[in-house]
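Remarks on the structure that follows.
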Amino acid sequence: MAGTQGGTPRTRIHVVSDIHGNARDLARAGTGADALICLGDLVLFLDYADHSRGIFPDLFGTENADRIVELRTARRYEEAREFGSRLWAGVDRGSAIEKAVRKQYAELFAAFPTPTYATYGNVDMPALWPEYAGHGTTVLDGQRVEIGGWTFGFVGGGLRSPMRTPYEISDEEYAAKIEALGEVDVLCTHIPPEVPELVYDTVARRFERGSRALLDAIRRTRPRYSLFGHVHQPLVRRMRLGTTECVNVGHFAGSGKPWVLEW
């Protein structure tokens, strides 16, 4: 355990989400903790704060990245898809993306400390994770694990949206994973519960998709904490729902600092 208080062993967990390529800070994120929890979105496809960073500008340049961010921010999703389709014409999209993602995963998974407990984000590619997750990294999705006497439940991915990111699943499939967890002390998900203040991104100026099933589970099972990321600049980073403390633990890519849970 990380330390003691009055002779009683204490457990300290560091929690991160939305890594988006920040391997440098990820390598330090577990320092002083008994374990690291990662709630997904390791991949950096396009940095909305710096359009020169990510897979998209590496392939098509910053000017085109500026344009697609402009269209998406204006919610002109169909125009954004058409613009993207023109850029991808003649390029083996699947091969190009997988090659870039593999390069990022090799660096990011190597930065995970032991032990790490991780689940997928909506921009991740779950099929590749088994190749990169070492013996010290436990991947969980719709599963539970005990850490320091507390039960942690994990559900990864996002719900289907106009963004059409790689790991989006149906509301029904997501709800089934939430239901499979049962009662836990800490609910760990990539996306937030469907609460307006928690799903609104103040920079992107849009409501991201949160989960109604997650919100219902919080109200029904009353975990101590609900931890999530996904919304990078939320209207509210922390709020209580009944007895549950809901905390947005991203955006790690920008802050480089984990959120600390100690008991």
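Side notes on the structure shown:
- When the solvent-accessible area of region 75-216 is split by element, carbon and sulfur atoms take up 49 percent of it, the probe being 1.4 Å.
- GNM top mover of ASP66, ASP216, ASP50 - the chain, alpha-carbon springs below 10 Å: ASP50
- Cα centroid separation - region 119-191 against region 240-259, whole Å: 16
- Region 68-185 - accessible surface per residue (Å², probe 1.4 Å): 50
- Estimated distance in nm for a label pair at LYS99 and ALA49, the labels positioned 7 Å out from Cα along Cα-to-Cβ: 3.0
- For the chain, calculated [θ]222 nm from helices alone, where every DSSP H run of n ≥ 4 adds -39500 (n - 2.57): -9000 deg cm²/dmol
- Summing +1 for each Lys or Arg and -1 for each Asp or Glu among the other residues whose beta-carbon sits under 13 angstrom from that of GLU70 gives +2.
- Dipole magnitude for region 73-213: about 600 debye, using +1 per Lys or Arg Cβ and -1 per Asp or Glu Cβ, origin at the Cα centre.
- The charge dipole of the chain, taken about its Cα centre with unit charges on the Cβ of Lys, Arg, Asp and Glu (plus for the first two, minus for the last two), comes to roughly 420 debye.
- If you run the Gaussian network model on the chain, springs between alpha carbon atoms under 10 Å, then out of GLY54, GLY153, GLY242 the most flexible one is GLY242.
- Residue by residue, region 28-33 carries 3J(HN,Hα) couplings of 9, 5, x, 4, x, 10 Hz when phi is fed to the Karplus relation 6.51 cos²θ - 1.76 cosθ + 1.60 (θ = phi - 60°); x denotes Gly or Pro.
- With every protein chain in place, region 220-263: carbon and sulfur % of accessible area (1.4 Å): 48
- Beta bridges assigned by DSSP with both partners in region 85-207 are antiparallel in approximately 45 percent of cases.
- Highest mobility in the GNM of the chain, judged by mean-square fluctuation with C-alpha springs under 10 Å and restricted to VAL91, VAL203, VAL145, is found for VAL91.
- Ordering of 251-258, 155-162 by burial proxy (mean other Cβ atoms within 10 Å per residue, highest first): 155-162, 251-258
The values are calculated or read from the model by the stated rules, or taken from the named source; none is laboratory data. Just so it is clear, the model here is predicted, and its values are computed rather than measured. As a convention, Cβ positions derive from the backbone with ideal geometry for all residues, glycine included, and neighbour counts pool all protein chains shown. What goes into the accessible areas is simple: the full protein's heavy atoms, side chains included, and nothing from ligands, DNA or RNA. Shrake-Rupley method; radii C 1.70, N 1.55, O 1.52, S 1.80 Å.
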